[in-house]
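Each remark here refers to the structure printed beneath this line.
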Amino acid sequence: MSRRWIQNPNRCADEYLDGIEDFIEFARRHNPGATRIRCPCRRCNNTLFESIENVGFHLVRNGMIETYSIWNLHGEQVDHASSSNAPRVDNVEPIGDPNDQVMGIIQDAFPFASTNINQEGEEDLPTPIDSAEFEQYEKLLKNANQELYPGCENFSVLTAIVELMHGKIKYRMSNLCFDYFLGVFKRMLPTDNCLPKDHKHAQKVLHGLGLGYEKIHACKNNCMLFYKEHETLDTCPICNESRFKMTSQNRTTKIPQKVMRYLPLKPRLQRLYMSTHTATDMRWHKEKRVDDDVMRHPADGEAWKEFDRTFPEFAADPRNVRLGLATDGFNPYGVLNQHHSTWPIFAFPYNLPPWKCMKKEYMMMTVLITEDPGRSIDVYLRPLVDELKDLWTNGVRTYDKSTGRMFTLRAAVMWTVNDFPAYAMVSGWSTKGYMACPVCKEDVTSGWHAGKVCYLGHRRWLPWDHEWREKDKEFDGNTERRLRPREWSGDEILEQLNRLDFAPFGKTVSRTRPSTHLNWTHKPMFFELPYWSKLKLRHNLDVMHVEKNVFDTLVGTILDIEGKTKDTIKARLDLERMGIRRGLWMNRDSDKARRDLAFFSMKPNDKKEFLKFVSSVKFPDGYASNIARCVNVDGGKFTGLKSHDCHVFMQRLLPVGIRHLLPEDVVKPIMLLSRFFSQLTAKTLRRTDMFQLRHDIVQVLCKFEMIFPPAFFTSMIHVMVHLPEEALLAGPVNYRWMYPIERLLGELKKSVRNRAKPEGSIIEAWVQYESLTFCGINDPSPPSSPFLWFFLLPSALSLRRHLSHLRCHRSLLATLPPCHLATVASLPPCHCRCHLATAAATSATAAATVATLPPCHLSHLATLPPQPPPLPPCHLSHLRCHLSHLRCHCSDLHRCHRATMLDLIRRGRSMTTAPSSDPPAQAASAATAPALLDHVVVGHEASQAPASSASSVAQPPSARRRHRPTDTMDTTTSTDGTGASGSQPGITTLLYCSFYFEI
């Protein structure tokens, strides 16, 4: 049986639909009696159990995993002992029972528990486990085989505990709440049931599936860890601080001053190869990645390729893991205690494909620190660096489930991802002072302006013969003849660090730094890794925080927001001191001096218009938060904007809102900056585009130097010049910014239950999450794209009904005239605007409708005749059936998508009018079409309206239109009072259409 249909991108093709039916039949035949099986769609990823009907629906909506050509998780077996890779489908046993799935989980956790000891000497066969692990294996096996109560066939003890613990983690139940419901369930079951009585006993059962963690005592002043050779000490040899707290003499146990939690990395990396599918995905970067001019993955970057050329023995085995490290602090108490911060350190593998990389399920917490460590973070990195050195030098023997063989797993850290303050902690280069740029280092151009250090001199990146190099008054008063700052290699940095002597770590140590140390605070511990000095990129500039800080500086200045603008009195006096830009000097009248509004700032009326525009914009559901809540029109400022709000604002709203409120010389570089971030943060990058961005950002910064005062150029403004170069080295930004880490920190904050010991709550919740993720029942996140409504149909529709609707649509479209069929059949179902385009082509207002369509749809409109013939009366019944199916699908869409579709239908209804000279059939057709559209609109709104608002359904369309969410797609009507034939698409309409074009 051919399975090439899995690779078919058209999920509406007959080949694909027939293949789904074959798969469903295969699953039913090899899993008799099973009601729930693993779902192999791209979202569930064979980790979530669904009913067989829902599995078929998911495969239509999401598509099947392209690499899942051997259905071993649904009954098909593979003969690993054979020399060939041909699948063996004989002697298939059903594996659909959840209890059997738990048995499979145990076999994955202990892949060689039943291996013959006599095979130990063979290289490719698993080695037996020790007695402690074998004891855990026997306990889990006993609980997996034991019935929950006598006669229970659906749940074993282990299956029930896994399901209940999954609900606890998913809905964030406290231990007391879990104990209460566990007691209730235990009383509901027969008296001789084996359900644990509380959360503590349930944890003991799952202990064998967990990976655990270690507690390592630390000095109170962050001087050292009581680790390895210092493990037996009771006082710190550096500051003489006691290791334990002063407690009563009658207390038998001692309480440590500070505890660090360390989660070993080796077993967590080994588990990536305990699942067949995950083990296959860990080789994606080598076997499945397409190598062309487009960068889709960090493996497409120059840093990855240079690492492969430098260490070919490591690159020879694609199973060796490339890691990224990230750290950041957060307050586990919310607003209760602003002085406490918890610092976790995460590791994430880059071997995985793009749709799995940087996902929460594959992130590994390695260290949890109880406070801000500052420059002493290297003290807490000691266990991790020791393990990374061993993984590089010796590796660890690991069982590969996809091949059934053992191999030596090695790992290497490619780079770190941090915000700017954490960048200084990890890299050892302070990001404050005159040499704050960690890339330019001591060769950066900085100076004291308006009471702070500012960073200018971006003309150094221009070509040597550029005309701006000779200008002085337009910039800082000097010509520029210097070359761009030099690039430091890792070996040069290591040689420089080896010549310096640094003070020991700790709070009690003096922080005075000699001038010879430049901005170095300490020698980073990562240089102990043999390969660290050979990397082309060791630390990444976080684009998320850079973009937010640039947005705050830029918007605060052009809106002249008090406390955020860089155009202050000190900045004006600094311009006078430098003798440049006389038009921006302080205006002195007699004995007073005042600061006039600069040409790059909005006037009060323009600022209010801009803020009203921002507050009126509504975004599609899931695209951005409600920015209107952050706008204070009367106060003339923004409050509470998050990083993602600034991300959307910078790229979508800012270039549209300022284009008629500021001079053209100011608007052009701001729009170029907006496009720079839009292209830089794309999921796929082209090297030619990155070379162009490297040129554009220099132009933008030089133009800003001619517009804004020197006080505008903070360190965040300066580091933008290095972002395109890092993108060329490391690939797309979405693998190297802090958005996934910040979301994960938010999840950790919600897991705090015991506020007296927040780190203990966090680490216990994380270990439980790791265990349940390994069990494969974690709930994946919903699809992120809000516009693919065709693939978001409700799960209540069965597969058979959905397939019949698709075939029915194809049969109905076959009866349409050729001029209509050419338009409708050539577009995917999700482009519902094409139905509007077909109707709008017969109306005088078609131009206003066509203007709102994205450019990618205009090519389809070119195939329409100037005046298509009307539908014959015999086709109206087919159209009515087609619209009823459309309403059926539309009834379960998100509110934003429903409102958008209804708006399109209303516009099509208003445009469909009958000509005066129509024949009877054409007049009947024109008169019936609006009624059909009214039937869809009124019927849909009636199905969505609550019972108490039934009277609102009978309102006319003009009355209902006031409440639709898409009123932001306004139009600028003509001044003749009619507003019909003179309507033109407004600013917000064009902006809204840009969202469709982007997706």
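The values are calculated or read from the model by the stated rules, or taken from the named source; none is laboratory data. Keep in mind that what you see is a predicted model, and the values were worked out from it rather than measured. Backbone-built Cβ (ideal geometry, glycine too); neighbour counts: all protein chains shown. With ligands, DNA and RNA removed, areas are computed over all heavy atoms of the protein, side chains included. Shrake-Rupley method; radii C 1.70, N 1.55, O 1.52, S 1.80 Å.
Assorted remarks:
- For Phe526, neighbours were defined as the other residues whose beta-carbon sits under 11 Å from its Cβ, and their charges (Lys and Arg +1, Asp and Glu -1) total +1.
- Here the accessible area is traced with a 1.4 Å probe on the protein chains. For segment 520-631, carbon and sulfur cover 48 percent of it.
- Per-peptide average of other Cβ atoms within 10 Å, ordering 168-177, 255-264 highest first: 255-264, 168-177
- Karplus-derived 3J(HN,Hα) values for segment 270-278, using 6.51 cos²θ - 1.76 cosθ + 1.60 with θ = phi - 60°, are 5, 5, 5, 9, 8, 10, 4, 6, 5 Hz; glycine and proline are entered as x.
- For the listed peptides 347-360, 51-64, 752-765, a ranking on the average number of other beta carbons within 10 Å per residue, highest first, reads 51-64, 347-360, 752-765.
- Working note: Karplus 6.51/-1.76/1.60 with θ = phi - 60° gives segment 279-294 the couplings 4, 5, 5, 5, 9, 4, 4, 9, 9, 10, 5, 8, 9, 9, 6, 8 Hz, where Gly and Pro are set to x.
- Full extension of the chain segment joining Glu302 with Ala756 gains 158.7 nm, where the gain is 0.36 nm per residue of separation less the Cα-Cα distance.
- Computed with a 1.4 Å probe over protein heavy atoms only, the accessible area of Ser69 comes to about 60 Å².
- Counting Lys and Arg as +1 and Asp and Glu as -1 over every other residue whose Cβ lies under 11 Å from the Cβ of Cys194, the net charge comes to +1.
- Expressed as a whole percent, the accessible area of segment 206-314 that falls on carbon and sulfur atoms is 47 (1.4 Å probe).
- Amide H to amide H distances under 5 Å link Ala218 with Phe226, Lys258, Val259, Met260, where only residues 5 or more positions off or on other chains count and H is placed in the peptide plane.
- Computed 3J(HN,Hα) for segment 237-246, one whole-Hz value per residue from the Karplus formula 6.51 cos²θ - 1.76 cosθ + 1.60 where θ = phi - 60°, is x, 8, 10, 6, 7, 5, 6, 10, 6, 7, glycine and proline marked x.
- Database remark: amide H of Asn351 closer than 5 angstrom to the amide H of Arg322 (H placed geometrically; neighbours at sequence offset of 5 or more, or on other chains; Pro and chain starts carry no H).
- Put simply, the C-alpha atoms of segment 184-318 give a gyration tensor, and the ellipsoid matching it has half-axes of 43, 33, 11 Å, longest first.
- The residues of segment 676-778 present an accessible area of 31 Å² per residue when probed at 1.4 Å with all protein chains retained.
- Peptides 562-571, 34-43 ordered by average Cβ neighbours within 10 Å, highest first: 34-43, 562-571
- Phe244 long-range amide H proximity, modeled H, under 5 Å: Gln257
- Here's the picture: a label point sits 7 Å out from the Cα of Val259 along the beta-carbon direction, and within segment 186-222 the residues with their amide nitrogen under 13 Å of it are 213-218.
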